[in-house]
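Contents: one structure, followed by commentary.
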Amino acid sequence: MTPANSASPSLSAAEAASGPDAADTLDSLLGEVATLRLELGEQARVLLEAWHGGILPERFGKPAAELDLLAADATEGLRNLADYLALRHHDIRPLQRRLMACGLSSLGRLESRVMPTLAAVEQVLAALTGQPERISGLPRTAFFEGEARLARASERLFGPATSRRGGAAARKSRIMVTMPSDAARTPELARALIARGMDIARINCAHDTSDEWRAMTAHLRQAALEAGRPLRILMDIAGPKIRTAEVLKGPNGRRLAAGDSVRLVQDPGERSGRQDMVTATSTLSTLVSCLRPGQRVLYDDGRLEAVVDAVADGEAVLRVRRTEEGGTKIRPEKGLNLPDTELGLAPLTAKDEDDLACVIECADMIGYSFVSQPEDIDLLETCLDRIGAADKPIGLVAKIERPEAVRALPALIARAAHRRPFGIMIARGDLAAEIGFERLAEMQEELLWLCEAANVPVIWATQVLETLVKRGTPSRGEMTDAAMSARADCVMLNKGPAVLDGVETLDRLLTRMQDHGYKKAPTLRALTSW
């Protein structure tokens, strides 16, 4: 969610070097902070009123005490989110530097406590200017209540934070691992993953069958029981994921490079109509009819980018603009992203509705793909009601993978957080393909900030320690990425031959990193290297 003023110019070198001048008195700072706090209150009220229609705190069979706490936490989280969004529509960088020069909070780490932080600064300024009666005392407990609400929300959704090392502090960021098909046939993998630190198992309903999912679940539950460790299971319903289907390799089966053409056809029977270029069908039968010249098509999380040259007679010809080094082969069952194309797809398919019966039976959380608007939450709840599972106390994880979902995130939180344990997954592969790789790093930061403000737990997903998991040795860049993932409440690893090493490495890394900071705030433990 890019702030409205994101295009404002950066501070100049002169401004960056300057502190408060003679006219910049404590009194003027006090007036500015007080005015800002009052303005935010009014602006936040407008946002809350806009979300109010989506707040539906149904009971879903929960004990009254638990429901009351969930609903209360969600309400306070939304109020703080509204305050945060109101604040982030102001450019307060000059005010921040002037506060810093006075030895006061820079307001740079207030995501979970917007009004308490402003009130605390105002209190200090009032005391310094001899006006202690200007603002009433702030209970110190209020300052950290947002952190406590987020900790409770994480525990509701992910289970308790634990450590596999005797005497070690509990690791706050949970580790989630995607289950391979082999997990249905043998219990050994579940035991090994749990022993190395897995907290959550993810089952991807785009693969395997309901019988195999039940077998995986049985192995996982038994392994957790034997280990005496809590384990949660997330089942990720497939949604309308668009993939390549049949593929005709074309001349010499070569890899595609920039400048080459590739052909998408609507009718599989048309595959043999041309032999001079790679031809493929997609899992969405109407895809070709939705495409228009000039629109982008990205293949396999952006490993290839093409643009539509022409569309006619049930086929689209794409011109390749970019590939990975050495070229890219088009293969079946690889994802397609269409950031410029309006597909009008509902996030729930007929397959998803069939799969939900097994999900409700086996899982602790539903992973919900292709969410883009608050009404998509209602669609899922209606489906759960139809299968008699509306009162099932199952968690919900909304996967944020399209620009529409980014823009609608506050409204999605308002619609979902009162109903059941709720979190989001930053699906970084699809999201990068949709918004561009250059924007991803900035956007994942903004999503983390907004969710911390709303006290909503976040899963950091896609290609974490990917080369370690797939090839046995990590790259330096992905170790840094994994270290930064400690700011999320859960980190997801994909399946791979060395996934056990990946879990063990991530467990050690996250445990160490939590000593150095919480979210955006560094925590200065004693250093031992010097």
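Laboratory data are not the source of any read-out in this text; all were calculated from the coordinates shown. What you are looking at is a predicted structure, and each value in this text was computed from that prediction instead of being measured. Methodologically, a virtual Cβ is constructed for each residue, glycine included, from the backbone with ideal geometry; neighbour enumeration extends over all protein chains shown.
Nearest-5 percent of antiparallel DSSP beta bridges in the chain? Percentage antiparallel, nearest 5: 45.
Using Cβ counts within 10 Å as a stand-in for footprinting exposure, how do Asp211, Asp27 rank, fewest first? Don't skip to the end; give the middle numbers.
Details: Asp211 10, Asp27 13.
The order, fewest Cβ neighbours first, is Asp211, Asp27.
Site pair Ala50 and Glu133 shows an inter-label distance of 4.0 nm when each label is modelled 7 Å from Cα along Cα→Cβ. Computed from label points 7 Å out along Cα-Cβ, the spacing between Met277 and Glu375 is 3.6 nm. FRET efficiency for Glu324 and Lys351, Cβ-Cβ distance as r, R0 = 22 Å, nearest 0.05? So the FRET efficiency works out to roughly 0.10.
Charges only on Cβ, +1 for Lys and Arg, -1 for Asp and Glu: so what's the dipole of the chain about the Cα centre, in debye to the nearest 20? Spell out each step's value before the answer.
Values: 67 positive and 74 negative charges, 309 e Å.
About 1480 debye.
The modelled label-to-label distance for the pair Glu39/Ala192, using points 7 Å beyond Cα in the direction of Cβ, is 5.9 nm. Over all other residues within a Cβ to Cβ distance under 9 Å of Pro332, the charged ones net out to +1, with Lys and Arg as +1 and Asp and Glu as -1. Shape class for the stretch 371-530, computed from the alpha carbon gyration tensor (a ≥ b ≥ c): prolate, with a/c not under 1.5 and a/b above b/c. Here's the list of lysines a cross-link from Lys241 could span, going by alpha-carbon distance under 26 Å and ignoring same-chain residues fewer than 8 apart: Lys249, Lys329, Lys334, Lys351, Lys399, Lys470, Lys495.
Exposure proxy check: Thr162, Thr117 ranked by fewest other beta carbons within 10 Å?
Working: Thr162 16, Thr117 21.
Listing Thr162, Thr117 from fewest to most nearby Cβ atoms yields Thr162, Thr117.
Using only side-chain charges placed at the Cβ, +1 for Lys and Arg and -1 for Asp and Glu, the dipole size of the stretch 93-214 relative to its Cα centre rounds to 400 debye.
Assuming a ≥ b ≥ c are the square roots of the Cα gyration tensor eigenvalues, decide whether the stretch 244-337 counts as rounded (a/c under 1.5), prolate (otherwise, with a/b larger than b/c) or oblate.
On the way: a/c = 1.42, a/b = 1.20, b/c = 1.18.
Rounded shape, in that the Cα axes give a/c under 1.5.
Across the stretch 233-243, coupling constants 3J(HN,Hα) worked out from phi with the 6.51/-1.76/1.60 Karplus curve, θ = phi - 60°, read 10, 9, 10, 9, 5, 5, x, x, 5, 8, 10 Hz, and Gly and Pro carry x.
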